[in-house]
1. Keeping to segment 13-35, report how many residues are of a type in the set (Ser, Thr, Tyr), exposed (fewer than 14 other Cβ atoms within 10 Å of the Cβ) and at pLDDT 95 or above.
2. Based on this model, can you work out whether LEU44 counts as among the aliphatic types (A, V, I, L, M) and at pLDDT 95 or above?
3. For TYR51, which of the numbered conditions (1) touching an Asp or Glu at 6+ places or on another chain (Cβ under 9 Å); (2) at pLDDT 95 or above; (3) more than 12 Å from GLY131 (Cα to Cα); (4) hydroxyl-bearing (Ser, Thr, Tyr) fails to hold?
4. Take SER124 and decide whether it is within 18 Å of the chain's Cα centre (by Cα) and either modelled with pLDDT of 95 or more or among the β-branched types (Val, Ile, Thr) (or both).
5. Search segment 67-91 for residues being in the same structural domain as GLY46 (by TED's automatic domain parsing) and closer than 14 Å to LEU47 by Cβ, and hand back the single one that is surrounded by the most Cβ atoms within 10 Å (Cβ to Cβ).
6. Do the conditions hold for PRO130, that is, is it more than 17 Å from the chain's Cα centre (by Cα), surrounded by 12 or more Cβ atoms within 10 Å (Cβ to Cβ), in contact (Cβ under 8 Å) with a residue 24 or more places away in the chain and not assigned by TED's automatic domain parsing to the domain that holds TYR30?
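The values are calculated or read from the model by the stated rules, or taken from the named source; none is laboratory data. Computed from a predicted structure; not experimentally measured. Because the Cβ atoms are built from the backbone with ideal geometry, glycine has one as well, and the counts that use them run over all protein chains shown.
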Amino acid sequence: MVFLGASAMPAAADQTHADFHVEDSIVMFYYPELSSAKRFYGQLLGLEQTYESESAVIFRVSDTAQVGLVAAGPGAFHDVRDENSVMLSLVVRDVDAWYERLLEQGQVDFLKDIADSRANPIRSFLVADPGGYTVEFFSWVAEGDAQVSARP
């Protein structure tokens, strides 16, 4: 079998890992309207907004990860769903401080109270964002200890 134009493509051996370096990642969530989700990620969580248009808002989660909020409509790639099976997990240094901060705000829907996991060396809690997406906050802990340790 002959592929036309195949000679114009560089051979895999000529390409390096740097040619395929991923610079950032953005998880996209879809909403019927953006105002409540924008307030949740920007004001309640305090994430830095990096982009905004009429149909999307993006917030920085870390140096190499962002969360994008997309408004429902003709330009949206996905439809808004009643139940979302995606969970955004945020690894934080002090999960207890995050829990207290969000609890004090009184505007957050907690799905699971803060607790140590029986299956993994983490301490975590879960909240729902305005679109029904689950947001997990967790800190790595030393096994058998509630103190935060370095990520395994």
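1. 1
2. yes
3. The single condition TYR51 does not satisfy is (1).
4. Judged against the criteria, SER124 is a match.
5. Among them, the one singled out is LEU69.
6. Against the criterion (more than 17 Å from the chain's Cα centre (by Cα), surrounded by 12 or more Cβ atoms within 10 Å (Cβ to Cβ), in contact (Cβ under 8 Å) with a residue 24 or more places away in the chain and not assigned by TED's automatic domain parsing to the domain that holds TYR30), PRO130 does not qualify.
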